[in-house]
Each structure stands twice: as C-alpha cells, then as structure tokens.
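Everything below concerns the one structure shown next.
The values are calculated or read from the model by the stated rules, or taken from the named source; none is laboratory data. Remember, it's a predicted structure, so these values are computed and weren't measured experimentally. Here Cβ is always computed from backbone atoms with ideal geometry, including for glycine, and neighbour counts include all displayed protein chains. For the accessible areas, the whole protein counts, side chains as well, though only heavy atoms, and no ligand, DNA or RNA atoms are used. Shrake-Rupley method; radii C 1.70, N 1.55, O 1.52, S 1.80 Å.
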Amino acid sequence: MSNTMSINIRALGIVALATLLCVSGASAQSTERQQRDLELSQSMEIVTNIMRELESGYVDDINAPELLEAAAAGLILVTDPYSDYYSEKEMSDFEMITTGRYAGVGSLIRKQGDYVLFAQPYKGSPSDEAGIEIGDKILSIGGEDMKGRPVGDISSLLRGEPGTSIDVVVERNYDSSIDTIHLTRRRISIPSVGYAGFVRDGIAYLQHNDFIDGSYNEIRSALERIMATDSLRGIILDYRSNGGGVMQEAVNIASLFLPRGERIVSLMGRDSSSLRHFTTEHEPLAPDVPIVVLVNGSSASASEILAGALQDTDRAVIMGQRTYGKGLVQGTRHVGYNSYLKYTTAKYYIPSGRCIQSRNYSSLKSGGEVTIVPDSLITEFRTAGGRKVYDGGGIVPDVKVDVEYVSRFALTLYSMGYMEDWADEYMRRHHDEEIDIRTFSLTDEDYADFCRFIEERDVPYESETRRALTELEKAVKNDRYNASLDKAVEALKKLVKDDKMSNMQNYREQIMEALTAAIVLRHAYSEGVVEYTMVHDDLIDQAVELLLNSEEYNRILREQDLEMH
C-alpha cells in the first residue's frame, strides 16, 4: 500500500470519527431536548388538571382567570423581580410603562378622605386646558357619585378611547365652588425630559426621567435648542433615580455624544450563540462637549447602560453614588388572548466587556435568598483609555459624593399626604399670588402654620435610634442583666427626643424644602419644581465646578482608575 493511499485512509478514518462524534453529539442534544419537552408537557398537563379541579370542586367559588393569574405569579416567583405576566385587562398599564403614552385626561390623582383629588394635571393636557387645578375634588364622573370610590376605579373612569368625552363635577380647591368640567380624552404622552436649560456659565442641565419610546428624540430636540441659544461649555446629564426602560433609547442617546458605529452594549442569553452587539447609528450632535453624568443608587438598567458606555469610552465623568446594578434585559412575548409575558432573556455588557449585574437570582429556584456578587468574583476591565473599571455591582462613579440623608420622618409626612393637604390649604389663602420659581421660599410663619397642621394629625413614626433602644431594652431583659443597666437604658430613652413636634424642628430644613417644592408645583408644573431644586442642589454645583475646571476634568478621564466599590 502506498503512503498516499495510507494517508487518505487515515484521513477518511478521522473524518468518519468526527462525523460519528458530531452525530453522537447531535443525537445526545436531541435526546436531551426530547426529555425536556416531555417534562414540560407533563408539567403543563398537571397544572391544567390542578386548575380544573380547583375551579370545579373547591369549596368556595374560584374562576379560571383568577387561577391563571395566581399560577402565573407562582411560575414567575422563581425567576427574578423583573419578570411579570400581564393579562388583557392590564395591557393599558403595560403600554404606559413602555411607551409613556395612554388615553385619558392627563392628570395624577390621589385619595383624601372620602374623595379623590386631582394631584397634578400635566401641562397642556385636557385636564390642564380645562382649568383643573391641583387639589380640585372629584365629586362625580358621568353623573355617578364618586364618594368612597377607590383611586383605581376613578383612574379607569377617567381613561378611555381618544376622542371620547366625559363630564366631571369638581369642587374647586381655592373657593369650594362646584363646577362641571367637560373633558375630551386624548392620547397623553408623559414627557421624558423633565428639564432642559442652562444652569450657569454656559453649562447646560438636562434632567431625564425615564427611557421610553421617543426619549432620544426629546433629548436631541432639547440639546439642539440649547446649542442654538448660547455658547455651550459643558453638559450635565441627570440620571439620578432614573430606573431605565427601553434599551435602544439608551443606545440612541449615546449617539448624540459618541462617534457613529461605536459599540454601546452587547446582549447575551444562555450561550454565546445569542450574542448581539448594539452600536450608535447616528452622527453625534455634541461629540466634544465635556459631560458630567449624575447618578445614584436608584439609577438602573438603561441609565446604567448610558452612564457605563460614556464611562468606558472615557467620554464623560460619572458623579454621585454607585448605581443599582441591573444588568438583566427583559423581552416580551405574546402568550395568547392579548396577554403578555415579560421575562429576562439576556444579560447586557457595556463597551469594556463588563456586566454590572449586582444580584444573583438563581437561588430563587430552590427557595434560597438573593445574593450579592462577592469581591472574589469581581473582575477588572479597562476603559478605552486604559483606566481600571470593575464588573459585579453597578457603575462606580469617577467622583463619589456621599448620599444626602433624607429623614424617614419627612418621608412619612409626605407619604401620608399631609404635605399635599397643607399645600392645598396654602393655595386657598394665596391663590392669586405669583412667585419667582428660583427665589421663592416659605416664611417662618408658614412653617409654624404647618406645625400646627401636623400637631392635630397622627404621624406613625419611630426613629432608628428609638427602635434600636427598644431592641436593646428587650435584650437587656432577656439576658437578665442587673438593674443598673436597666436604668442606663431608661436614661438613654429620655435623652432621645423623637416625639412628633421635636422631629418637626429636627428635620425642619428638609420639610421646608419639600413644602416649598409642593407650592412651586402648583404654580409652575413639574418643570418648575426641577428649576427650583436645581438652584439648591449641591451635586449640580459640584458638577458645574468640575466642568469649569478643564484640567481636573481631563485628568480624571485620562488617568484616574475606579475603585472596586
């Protein structure tokens, strides 16, 4: 046998072996898929049988839709907090979440006593154009008495098909007169940009609320207006407490500041075969203007994609607190009868290659607890310019600023609706007055009036110190320490003054700011509130100072490594 023939036989043998291995692998995969399909089919049959038995034989009446919603909630429980099931009746809420649009009269509402009030008519909405003001009480809708009706019912009645009309009888907040308002519903688009303008010295400020369809167009239009009116020296992009939304909008917004074709984010599902890259598709509008991005612990998802992309490309300085760390991407699938399933389909990776997901939800399948990525598993990456950055837990700012403490007492006053109630009373007394948004402030007499207002109301609040002392007191008794320690605890309790009126003085500054913002809202919509708070925001001041200090700004982007946390 010749050498050539021997080589060919060996080659054929190798090919045959490789083919056999491929066939065996494919066969194994096919068998595994068949087994999983069988398990899925059996599980579906069991769930159907359980629903049928409960619907027909349970001691109390249960209908199939209720069982389905409970079953869907149970199925999703083992995944993560971002997966959800939307029934047909919930689809309008789902649309508003993803698009920021719905059909209605365009106002927030809130409960006060037996009635629901208009809490914030959107600028230019049907309710705003009809003259409805914050604090107006809804007495009836379409001739039906609204006393005692929950907020959800009234929200449903105010919404409807665009072009349809409804009569709403209101009691005016400012003089208690009764008016019948004829409202024509239309498509309401909630603005994505909360404020866009100059803060000072050629520094622009853009506050972005969420990533919904059309956010890019809003941001671009706002930036074009700014660039046409003044000499632009820097931009502050405010993404604090922006919980994210549509990922593609983040990619498009990044294209305003980065070259066309720049990779912004990559998605990968269960395996590398699902890997997809998303790059900028537009020519940049402001490719060279210095940028500071403001973030905090509630900046998540698409906010982190945008902030992370600008950080990884050394295009912007990130300032504030470490972001939330949501590196999971959700997709929606139609599951029949106008119902949808939203579930996590992939993780996202920003330009340096890092995934910033901070929480591990895989243990939920076995009834375990959510865990945080440990330091031992955190990996170092590099920005385009070679600076060190890390995965495993949100975006760590280039410039860290301690979070401002917000008292739970002030939050309790707000959540109970007391601040809004008092602001409504204030407006009854000052209805015709005009204010300067940036300089307006309440007086000492106004605050004293609010204190009297609160003195008559129950505020269910206990400070952290008081809680800790209560636990310490229990521990002392359980451990049976001597009486002297009991006396020491009692002495500490007397020193802690967290009664209602003491707290009104302890947290006066924060409460005054919130009350002032509530009055500004009634004069100048949400834009006015942003403009007011912008003037009193220390973090914005720090961002302005950095943008005006080009040497320090460039040093950070050129050479400053990030810390792991």
Residues with amide H under 5 Å from that of T345, placed H, sequence gap 5 or more: V329, Q330, G331
Sparse-neighbourhood loop sites, trypsin sites (Lys or Arg not before Pro) in the range 201-271 - DSSP loop, at most 12 other Cβ within 10 angstrom: R260, R270
Rounded accessible area per residue of the chain, 1.4 Å, Å²: 53 Å²
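For the range 118-164, which whole-number percentage of the solvent-accessible area (1.4 Å probe, protein heavy atoms only) is attributable to carbon and sulfur atoms?
Of the solvent-accessible surface of the range 118-164, carbon and sulfur hold 47 percent.
Tell me which GluC sites (Glu not before Pro) from the range 335-441 have a DSSP coil assignment and no more than 11 other beta carbons within 10 Å of their own. Let's see the in-between values first.
Working: sites: E369, E380, E404, E420, E425, E433, E434; in loops: E369, E404, E433, E434.
Hits after loop and neighbour filter: E369, E404, E433, E434.
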Mean ellipticity per residue at 222 nm, deg cm²/dmol - from DSSP H runs of n ≥ 4 across the chain, formula -39500 (n - 2.57): -13500 deg cm²/dmol
Identified option (computed Cα Rg over 2.2 N^0.38 Å; candidates (i) 1.20; (ii) 1.12; (iii) 1.01): (i)
Angle in degrees between helix 418-429 and the longest Cα principal axis of the chain, rounded to the nearest 10: 40 degrees
More than 17 angstrom apart: percent of Cα pairs within the range 314-443: 76 percent
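Starting from the range 256-355, pick out the GluC sites (Glu not before Pro) whose DSSP state is loop and whose Cβ has at most 15 other Cβ atoms within 10 Å.
Passing sites in the range 256-355 are E281.
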Label-point separation, Q505 to R452 (7 Å along Cα→Cβ), nm: 1.9 nm
Residue-count net charge about K342 - beta-carbon cut-off 10 Å; Lys, Arg +1, Asp, Glu -1: 0
Largest to smallest accessible area among M227, M534, M44 [probe 1.4 Å]: M44, M227, M534
Fully extended contour minus Cα-Cα distance, from E55 to E445, at 0.36 nm per residue: 134.2 nm
Heavy-atom accessible surface of the range 344-488: percent carbon and sulfur, 1.4 Å: 49 percent
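Could you list, in their original order, any pairs among K89/K326; K89/K347; K123/K147 whose Cα atoms are separated by more than 32 Å?
Over 32 Å Cα-Cα: none of the listed pairs.
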Mean-position separation - Cα centroids, the range 137-175 and the range 261-280, in angstrom: 47 Å
All aspartates and glutamates inside 19 Å of K477 as judged from Cα atoms, apart from same-chain residues fewer than 8 positions distant: D486, E490
Formal net charge of residues neighbouring Q357 (Cβ-Cβ distance under 14 Å; K, R +1; D, E -1): +2
Alpha-carbon centroid distance for the pair the range 179-200 / the range 289-355, whole angstrom: 26 Å
Whole-Hz ³J(HN,Hα) from phi, Karplus 6.51 cos²θ - 1.76 cosθ + 1.60, for the range 67-81, glycine and proline x: 4, 4, 4, 5, 5, 4, 4, x, 5, 6, 4, 8, 9, 7, x
Nearest 10 degrees, 0 to 90: helix 302-312 Cα axis against the chain principal axis: 70 degrees
Whichever lysines have a C-alpha closer than 25 Å to that of K500, once near sequence neighbours (fewer than 8 apart) are set aside: K111, K474, K487
Principal-axis tilt of helix 508-535 within the chain, Cα atoms, nearest 10 degrees: 70 degrees
Relative contact order (%) - the range 126-257, alpha-carbon pairs under 8 angstrom, separation at least six: 19 percent
